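Below: one structure, written as structure tokens.
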Amino acid sequence: MPADPAAAQPGTDPFAWIDEARERRRSAGLVRTLNPRPADSDLLDLASNDYLGLARHPEVTRAAAAAAHRWGAGATGSRLVTGTTELHAQLEGELAEYCGFEAALVLSSGYAANLAAVTALTAPGSLVVSDAGNHASLIDGCRLSRARTAVVPHGDPEAVHKALDAAHAEPDYEGRAVVVSDSVFSVDGDSAPLAGYATACRAHGAALLVDDAHGLGVLGEGGRGALHAAGLAGDRDVVATMTLSKSLGSQGGAVLGPAKVIEHLVNTARTFIFDTGLAPAAAGGALAALRLLRREPQRADRARAVARELHRRLTAGGLSAVLPDAAVVSVRAPSPEAAVRWAADCRAAGLRVGCFRPPSVPDGISRLRLTARGDLTDRQIDEAVGAILSTAPTA
Ligand SMILES: Cc1ncc(COP(=O)(O)O)c(C=O)c1O
């Protein structure tokens, strides 16, 4: 076979292509860098996912530290070997009960929970119907599942109906279908039409799998989540995934659903079986945060109210932002470079905000992404609005 002149030659740098990729990123204004944050900072933080301000709540940090002292810094093994402690079992029981599901399974991250749920519920010959706005971890779950995936337009139950209908015409379709969607979409903060998706699923005998990463702690009575709010929690055909790293201020993920689904995951989900159990400190911290939320359910209401107030004042100030359904407030920027500059200017004005650029935004529109934390004071809201409006790019 003749040698490919473009192929690597002996002695050449096998990573030379990385330099070219880096240069392409640089000229498109898409370079990302890691910026370690100090433990204490004067910046007002609207960039984290700490929706309820619980990550540094003394009850939560004390519980995390106590769990590490009692159970060790790590879980010491996979959940099926030595990695399950009493804390994991308590957390699973209380989380399922609070959110209205029969059972729960805790994993080492929300990412792992999504991979586990999608892959365990599907097989080659299944159909996955996936909302076009879904989080990367659901998308990767679809890829790993080896099932046929139909990506449907964002927030469109009719398109879900059609995709489920069309499945029967596929020669290799074995009759098992799952519809997967975020409950609240991380880019724009809008919410999925869960009732419409459930109706479409039920018309076709499909399961509904919802990633409630941004709904837990914010939506539903006492922050029980989007599925609880939609009256779908605990239904026999509904499965939820969650992260413990946002409203619960800790780390880790969970799958919630009928007990037989959870038992199936314990036996088949590779990101559960072949992964070290969640660190005891993270389990203990999340459990303390969940108990705090049960005791102080108004925290969830406040997060939603802060989001609406930020939206109201920023749009009144001339900015373009989607009406938030939960606690994510997304403000459009004219370009990736403008978004980066705007975020830097906010920082100089004392405010830390998130900055979403391609490839994290499916429509290519860059945004500032604000977390409407439930623990913000009215004065902090004033400061945040002032900093964002005074640094906004001029059209
Ligand atoms: C919608 C959504 N799902 C899943 C995840 C992943 O969760 P974790 O960070 O716990 O892996 C995130 C964010 O981090 C998310 O925003």
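No value in this document is a laboratory result; all are computed from the given coordinates. On a predicted model such as this, the values are computed, not experimentally measured, just so you know. Cβ atoms come from the backbone with ideal geometry, glycine included; neighbour counts cover every protein chain shown.
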- What length, rounded to one decimal in nm, is gained on full extension from HIS264 through to ALA166, with 0.36 nm per residue of separation minus their alpha-carbon distance? 32.5 nm
- Note on the structure: Everything considered on the Cα gyration tensor (a ≥ b ≥ c; rounded for a/c under 1.5, else prolate if a/b is larger than b/c, else oblate), region 184-325 must be described as oblate
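Please give the FRET efficiency for SER320 paired with ARG56, using the beta carbon to beta carbon distance and R0 = 22 Å, rounded to the nearest 0.05.
FRET efficiency, SER320 to ARG56: 0.10.
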- From the phi of every residue in region 373-382, what ³J(HN,Hα) in whole Hz does the Karplus formula 6.51 cos²θ - 1.76 cosθ + 1.60 yield, where θ is phi - 60° and glycine or proline is x? 5, x, 9, 6, 7, 4, 5, 5, 4, 4
- antiparallel share of DSSP beta bridges within the chain, to nearest 5, in %, is 50 percent
- Gained length - ASP140 relative to GLU97, 0.36 nm times residue gap less alpha-carbon distance: 12.6 nm
- Please report how far the C-alpha centroid of region 244-276 lies from that of region 131-210, rounded to the nearest whole angstrom. 20 Å
- Let me know the shape class of region 274-354, please: from the alpha-carbon gyration tensor, a ≥ b ≥ c as square roots of the eigenvalues, rounded when a/c is under 1.5, otherwise prolate if a/b is greater than b/c, or oblate. oblate
- Item | Within region 346-378: backbone nitrogen closer than 16 Å to the ALA21 label point (7 Å, Cα to C-beta) | 359-360
- Item | Separation of the ALA203 and VAL151 label points, Cα + 7 Å toward Cβ, nm | 2.4 nm
- Note on the structure: On the formula 1/(1 + (r/R0)^6), with r taken between the Cβ atoms of ASP378 and SER48 and R0 of 22 Å, the FRET efficiency rounded to 0.05 is 0.65
- Tally Lys and Arg at +1 and Asp and Glu at -1 over the other residues with C-beta under 10 Å from the C-beta of GLY215: what net charge comes out? -2
- Dipole moment magnitude, nearest 20 debye, the chain about Cα centre, only Lys, Arg, Asp, Glu C-beta charged: 660 debye
- Label model pair ARG32, ALA338: point-to-point distance (7 angstrom along the Cα→beta-carbon line) in nm is 2.3 nm
- Query: So between HIS69 and PHE274, what do we pick up on full extension, going 0.36 nm a residue minus the alpha carbon distance?
  - Reply: 71.3 nm
- Query: What does the helix-only formula give at 222 nm for the chain: each DSSP H stretch with n ≥ 4 adding -39500 (n - 2.57), the total divided by the residues, and the result rounded to the nearest 500 deg cm²/dmol?
  - Reply: -12500 deg cm²/dmol
- Item | In Hz, Karplus ³J(HN,Hα) per residue of region 130-147 (6.51, -1.76, 1.60; θ = phi - 60°; x = Gly, Pro) | 10, 4, 4, x, 5, 5, 3, 5, 6, 4, 5, x, 4, 4, 5, 5, 6, 7
- Highest to lowest packing among 140-152, 161-173, scored as the average C-beta count within 10 Å: 140-152, 161-173
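Order the peptides 26-36, 187-197 from the highest to the lowest mean number of other Cβ atoms within 10 Å of their residues.
Details: 26-36: 9.5, 187-197: 21.0.
Per-residue Cβ counts within 10 Å, averaged per peptide and sorted highest first, yield 187-197, 26-36.
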- Taking the simple approach of a point 7 Å from Cα along Cα-to-Cβ for both ASP13 and GLN90, what is their distance in nm? 5.3 nm
- Query: What does the charge dipole of region 220-372 about its Cα centre add up to, to the nearest 20 debye, if the Cβ of each Lys and Arg holds +1 and the Cβ of each Asp and Glu holds -1?
  - Reply: 440 debye
- Query: Using the Cα gyration tensor of region 58-295, with a ≥ b ≥ c the square roots of its eigenvalues, what is the shape: rounded (a/c below 1.5), prolate (a/b larger than b/c) or oblate (neither)?
  - Reply: prolate
